[in-house]
Amino acid sequence: MHDAQVWLVHYIVAHSPVADLMRTAWAWPIAESLHFLGLSLLIGTVGAFDLRLLGIGRRIPIAVMHRFIPWGIAGFVVNVCTGLCFLLTDPDQYIYNPSFHFKLLFLMIAGVNASMFYLTSYRQVFTGAAVYDVPRRAKVIAAVSLCAWMGVITCGRLLTFYRPAPCRDQPTTMLLVCAP
């Protein structure tokens with residue numbers, strides 16, 4: 001895997017379409033602000049929906065809470081776009097970073113979990129009997145969702161604390177010191 005990481009970093013550095021723009025005075029701070037706003041939309045809507053599935057705010061119909069999910073999806077799209085800008089600007093700070101690896105793992109868990117909700121529980125949750133309470137499976141999925149998104153946020157925050165040294169100019173044998 002290490003050779004693939006080295007190749008990927010070198011490739012991104014040589015072909016990044018956004019690195020020059022992102023290194024201007026205001027691009028990175030604007031992208032970080034947009035990333036935070038996207039995260040707020042995502043967690044605000046998906047988190048509230050998950051909490052509703054877990055039984056908080058039982059008097060609120062689940063369908064009403066679900067109407068906010070497109071805002072969460074919009075926030076996710078903003079985060080993917082800004083996150084790609086960060087990655088394409090400083091790939092060595094992400095590709096070699098264990099915190100980034102765990103963030104991607106938690107994103108995958110959140111994505112598979114959301115798919116599981118729509119494949120297994122969505123219809124049950126939106127039947128007439130489940131307007132105010134949901135099946136146990138949906139509650140488990142909501143709990144996993146909240147935990148996965150907390151993992152994404154935590155690992156994203158830890159990215160700055162586990163920054164590997166720049167490695168792209170060193171020979172492959174020295175990269176073992178820079179990358180895990």
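In the set Gly55, Gly75, Gly47, only one residue is at pLDDT below 95 and among the small types (Gly, Ala, Ser); that residue is Gly55.
Do we have Thr160 as farther than 30 Å from Arg59 by Cα, of a type in the set (Ser, Thr, Tyr) and modelled with pLDDT under 75 here? Judged against the criteria, Thr160 is not a match. Taking the criterion of being farther than 14 Å from Gln93 by Cα and either in contact with a Ser or Thr (Cβ under 6 Å, 6 or more places away or on another chain) or not hydrophobic (A, V, I, L, M, F, W, C) (or both), the residues of the range 19-31 that qualify are Asp20, Met22, Arg23, Thr24, Pro29, Ala31. Among the residues of the range 110-129, at least one is within 19 Å of Leu39 (Cβ to Cβ) and touching a Phe, Trp or Tyr at 6+ places or on another chain (Cβ under 9 Å). How many of the residues in the range 109-120 are closer than 12 Å to Val144 by Cα and either of a type in the set (A, V, I, L, M, F, W, C) or surrounded by 13 or more Cβ atoms within 10 Å (Cβ to Cβ) (or both)? Residues meeting the conditions: 7. From the list His66, His35, His15, pick out the single residue that is farther than 26 Å from Thr127 by Cα and modelled with pLDDT under 95. Going through His66, His35, His15 in turn, just one is farther than 26 Å from Thr127 by Cα and modelled with pLDDT under 95: His15.
Annotation: of all residues in the range 1-15 being assigned to a helix (DSSP H, G or I) and free of Cβ contacts under 8 Å to residues at least 12 places away in the same chain, the one that is nearest to Thr82 (Cα to Cα) is His15.
Screening the range 121-150 for residues that are among the β-branched types (Val, Ile, Thr), touching a residue at least 24 places away in the same chain (Cβ under 8 Å) and not in a helix (DSSP H, G or I) and picking the one that is surrounded by the fewest Cβ atoms within 10 Å (Cβ to Cβ) gives Val131. Within the option set Gly128, Gly111, being at pLDDT 95 or above and not aliphatic (A, V, I, L, M) holds for one residue only, Gly111.
In the range 51-66, the residues that are basic (Lys, Arg) form Cβ pairs under 7 Å with partners that are in a helix (DSSP H, G or I), at six or more places apart or across chains, as follows: Arg52/Ile62; Arg52/Met65.
The values are calculated or read from the model by the stated rules, or taken from the named source; none is laboratory data. All of these numbers come straight from a predicted model, not from anything done at the bench. Methodologically, a virtual Cβ is constructed for each residue, glycine included, from the backbone with ideal geometry; neighbour enumeration extends over all protein chains shown.
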